[in-house]
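The values are calculated or read from the model by the stated rules, or taken from the named source; none is laboratory data. All values derive from a computational prediction rather than experimental measurement. Cβ placement follows ideal geometry from the backbone for every residue including glycine, while neighbour counts extend to all protein chains displayed.
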Amino acid sequence: MEEQAYNEKWSFVVKWITVILLVVLFFVIVIPWSIWNEEKYYQDLCHWKMTNLWHAQRLYHDLRKEYNPNLRETLQFIDQVRDSVLADSMYVREQRINFNNEWIKIFVPPYWHEDFDTSFANSYSAQDTSEEIIYTALVPNDQTGLIDTMYLNRIRDRWMYTDTLWDGRIIDTSVEMRIERVMKYDRYNLVDSLLICPLVKEMYTATLSEDSLLTIYCPTRGGVEFRRYYFFAFSDTGHGHIQDGNRSWQ
């Protein structure tokens, strides 16, 4: 009886030790995994923000032929130009803009606004419904000597029926509804949160060298480390920089 009680006691102890070891093993595996995922999340988000800041500088350079190391001012400037283009589709080429109570000369490339939208906005697929005017025309066929019936789109085929040498005759007009899939973009506002590194909550910085080489730095230069759950550490060697459009990361 005593031996049986002794065995049962040790069996109970072994079971509890096994449970504790399994719990420890679980945390040893899960906690580092969650920390690695957290590091990857902040790294990707930081790289995304820095890439957008570089796009902003690139678009600013298109307008003024120079870079601006003031990142906040750059965002505000190109956002204001985009609003001007949105309000007036003829706001292209040589223009003037009132920014910070100062009139500034800029050059807006013809498709600058599309570059802006595709750089910052989120694209999505949508359906567009449009009306198309179709002309029914009778056109002599020189080869057969007969009269052919043609259907002309008012816009796409304008070059044909407005030609002075065209000898056809429009006899009818109809309206067709056309549904097509198109790519559209959400309106994207360049807010100040884009300027803040999500990991250390400090602002990105930019420097402009004497030969006009712009570099955007993340405030995590030199690396950062935080304690996690007493025994683990969140460690990051830094998120790099972008110099003249070239990223320091792969």
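Of note:
- Residue in the range 142-169 that is nearest to the chain's Cα centre (by Cα), counting only those that are surrounded by fewer than 10 Cβ atoms within 10 Å (Cβ to Cβ) and polar (S, T, N, Q): T162
- The C-beta contact set for the range 80-105 (first residue of a type in the set (G, A, S), second residue at pLDDT 90 or above and surrounded by 11 or more Cβ atoms within 10 Å (Cβ to Cβ), distance under 8 angstrom, 6+ apart or interchain) comprises S84/Q95; S84/I97.
- So A206, is it within 30 Å of H239 (Cβ to Cβ), at pLDDT 90 or above, among the small types (G, A, S) and outside any loop (DSSP other than H, G, I, E, B): yes
- Filter pass, W103 being loosely packed, with under 11 Cβ neighbours inside 10 Å, of a type outside the set (S, T, N, Q) and within 30 Å of Q80 (Cβ to Cβ): yes
- Of the residues examined, S174 is not one that is at negative phi, surrounded by 13 or more Cβ atoms within 10 Å (Cβ to Cβ) and of a type in the set (S, T, N, Q).
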